[in-house]
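**Student:** The structure's right below; bear with me while I get my questions together.
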Amino acid sequence: MKMAPPPSKSFVSLCLFLNICCSILIVLINKWIYTHYHFPNITLTCIHFVVTSLGLLICQKLNMFQPKSVPIWDMLPLSLTFCGFVVFTNLSLQTNTVGTYQLAKTMTTPCIIVIQTHFYSKSFTTKVKLTLIPITIGVLLNSYFDIRFSVLGTVYATLGVLVTSLYQVLVGAKQHELQVNSMQLLYYQAPLSAALLVLVIPFFEPIIGQGGVFGPWSFYALLMVFLSGMVAFTVNLSIYWIIGNTSPVTYNMAGHLKFCMALLIGFTIFHDPLTLRQFLGVVTTLAGVILYTHFKLEEQKKLDLPTSKMGKTSTT
């Protein structure tokens, strides 16, 4: 049986470009929806999950992946944290500037390291740990001098970081435990998360009337909501393809570009104020993120060395 030929460099570049554009676009569309239409947050998240579920069903019918049966109870903690991280990060975007929202997300890395160190007995090198200092200082510097600082926004951003970190740790653990890839995991996770949100929406958001789920929304508001769901699915699908056909490092490198472009576009479109001290915070955080990626890449090369040179062992 012949193996499928590897994708061309031009096609990989196209997919990376698509992912970068969609990742930035989803932030801007959601911010636009919250700013101009005040669409309910949890309902928007639920719509994202429904569209993702339908999209994955179509992908499965097109034989892009094969589902693997997993126990529903094993998926419940993952789906709960999936709901939490998307809802809280969207609330953070709704109540903070795009810049503060983007920088707050970088605190996920330090949080994951703390969780894996204390609960999974995983060790990290001193160099990697030291990169957390500029990341944390940069985020605090930007948040403190943000002219549009919001206590509620800070609470949402903090909860978003905590739940996102827990979710990402659980994803890695569940993939290893259940022997499934990210697309197979999302195939069950997305519809279960949508069902969980349907149950809680009536308790947190109005159902009818102005601002309600079934309120008098304009055609353009509904069009933007549907577009948001489609872009969210495209982001998930492109992430899966990029990591599966290139490497996580390639995806992370593209992430730096997305980070910078989202900040720049946010300041331009939404006229987010940027003081000199905030700018220093952005630069400090970005430097820490780049150093973290560099050191992790060095570690990965050392781990790959013994497998590439048979009969030799690593001296590190």
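The values are calculated or read from the model by the stated rules, or taken from the named source; none is laboratory data. The model shown is predicted, which means the values in this text are computed figures rather than measured ones. Note that each Cβ is placed from the backbone with ideal geometry, even for glycine, and that neighbours are counted across all protein chains shown. For the accessible areas, the whole protein counts, side chains as well, though only heavy atoms, and no ligand, DNA or RNA atoms are used. Shrake-Rupley method; radii C 1.70, N 1.55, O 1.52, S 1.80 Å.
**Student:** For the range 122-236, what is the accessible area per residue in Å², given a 1.4 Å probe and the full set of protein chains? Don't skip to the end; give the middle numbers.
**Tutor:** Details: 6310 Å² over 115 residues.
It amounts to 55 Å² per residue over the range 122-236.
**Student:** In the range 63-135, which trypsin sites (Lys or Arg not before Pro) fall in coil by DSSP and have 15 or fewer other Cβ atoms within 10 Å?
**Tutor:** In loop regions of the range 63-135 (DSSP not H, G, I, E or B), the sparsely surrounded trypsin sites (Lys or Arg not before Pro) are 68, 122.
**Student:** Could I ask something else about it? Nearest 0.05, what FRET efficiency do residue 276 and residue 57 give at R0 = 41 Å with Cβ-Cβ as r?
**Tutor:** Details: r = 50 Å, r/R0 = 1.22.
About 0.25, to the nearest 0.05.
**Student:** Continuing with the same structure: Got a sec to turn the phi values of the range 18-23 into Karplus ³J(HN,Hα) couplings, 6.51 cos²θ - 1.76 cosθ + 1.60 with θ = phi - 60°, whole Hz, x for Gly and Pro?
**Tutor:** 4, 5, 4, 4, 5, 5
**Student:** If you don't mind, there's one more thing I want to ask. Determine the gain in length on full extension of the stretch residue 200-residue 223; use 0.36 nm per residue of separation and subtract their C-alpha separation, reporting nm with one decimal.
**Tutor:** 5.9 nm
**Student:** Set the bar at 21 Å for Cα to Cα. Now go through 129/296; 174/302; 31/105; 105/258 and name every pair that lies beyond it.
**Tutor:** 174/302
**Student:** Another question about this same structure. Compute the Cα gyration tensor for the range 171-220, then decide on rounded, prolate or oblate, letting a ≥ b ≥ c be the square roots of its eigenvalues: rounded whenever a/c is under 1.5, prolate when a/b is larger than b/c in the other cases, and oblate in all that remain.
**Tutor:** It comes out prolate by the Cα gyration axes.
**Student:** Additional query: Can you tally the net charge around residue 80? Count Lys and Arg as +1, Asp and Glu as -1, for every other residue whose Cβ sits under 15 Å from the Cβ of residue 80.
**Tutor:** Result for the local shell: 0.
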